[in-house]
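A quick write-up on the structure given underneath.
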Amino acid sequence: MKRLLVKRQLALASLLLLAALPAAAADLPTLAGPAMGTTYRIRFARDLPGMTRGQVHREIELVLARLDRQLSTWREDSDASRFNRARAGEWVDAGPDLVAILSIARRVHDDTGGAFDVTVAAAEQGGSIGMQQIETREHPPALRKARGRVALDLGGIGPGYAVDCLGGRLVELGSVDHLVELGGEVRAWGSHPSGTAWRVSLRGSGEVVELSAGEALATSTARPGRSPVDPRTGRVVEVAAPSVTVRGRSCADADARAVVELLISNRAVGRPRLRE
């Protein structure tokens, strides 16, 4: 799990500026650890009924391990890596999470006129881009590419998707009120034990933000020295706004749309970087 997903949709990396630290919640049950090349932290309003914290922690690790096997581009044996190496037209068996995250990515891609594209990172290696070149099926779950040089990089949506998966699993285990943060992406379930909304503070500004039940917050940041590329035009983007924070009803959606907001807050310059 050390290097699962590096956020690379725009600047081919995004630094996360969101510190999901509930105000005045130091005494609440908390679980934390490494995940996806960063860390996660989960705050609970109360301990889960009938489970020790160690048991809950193991359930969290199982979810993260499942996502690692499917989504990681750092693991040679992951579903995403096998797809990236596959030939054009070859169906690649995949876990349901990879198919599901591509469905979300495709929806954001279509909603934004192609401003979000999980294949754009391949441009740095001279690969082909375009989500229209990826086909998925659900039964049995699999995907294939129209061109052999198409490759996935899920860093612009993977951390948010992981937050959604972790929070959903905790609901299945009996938790009603919890706050999940991974790499700066955060989503609230239920409310703080005081009955108020969960509160998080934005790193840097110190601004405190309230999150209602089900609401998510994600930040995308351009890394200095790594120029973003607009997948719609293939042109390098000049960074003016260094980071953007977006709210959403799912963390995967907010994660992806933060990437788009960062893109449109800047302007294209220079020569095309993408290749057909």
Item to complete: Select from segment 73-112 the residues that are touching a strand residue (DSSP E or B) at 6+ places or on another chain (Cβ under 8 Å), assigned to a loop (DSSP other than H, G, I, E, B) and surrounded by 21 or more Cβ atoms within 10 Å (Cβ to Cβ) and list them in ascending order.
Response: ALA94
Fill in: Unique residue being closer than 27 Å to TRP198 by Cα, surrounded by 14 or more Cβ atoms within 10 Å (Cβ to Cβ), hydroxyl-bearing (Ser, Thr, Tyr) and touching a strand residue (DSSP E or B) at 6+ places or on another chain (Cβ under 8 Å) when the list is THR38, THR136
THR38
Fill in: ALA123 being modelled with pLDDT of 95 or more, among the hydrophobic types (A, V, I, L, M, F, W, C) and on the phi < 0 side of the Ramachandran plot
no
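Looking only at residues that are touching a residue at least 24 places away in the same chain (Cβ under 8 Å) and surrounded by fewer than 21 Cβ atoms within 10 Å (Cβ to Cβ) in segment 171-199, which one is nearest to LEU64 (Cα to Cα)?
Residues of segment 171-199 that are touching a residue at least 24 places away in the same chain (Cβ under 8 Å), as a first pass: 173-193, 198-199.
Cutting the leftovers down to surrounded by fewer than 21 Cβ atoms within 10 Å (Cβ to Cβ) gives us 173-174, 176-177, 190-191, 193, 199.
Details: LEU173: 16, GLY174: 19, VAL176: 20, ASP177: 20, GLY190: 22, SER191: 24, PRO193: 26, ARG199: 25 Å.
The selected residue is LEU173.
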Response to the item:
The condition from (1) within 18 Å of the chain's Cα centre (by Cα); (2) surrounded by fewer than 19 Cβ atoms within 10 Å (Cβ to Cβ); (3) of a type outside the set (Val, Ile, Thr); (4) modelled with pLDDT under 95 that GLY148 misses is numbered (1)
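The values are calculated or read from the model by the stated rules, or taken from the named source; none is laboratory data. Values in this document were obtained by computation on a predicted structure and should not be read as measured data. All Cβ positions, even for glycine, are placed from backbone atoms using ideal geometry, and neighbour counts span all protein chains on display.
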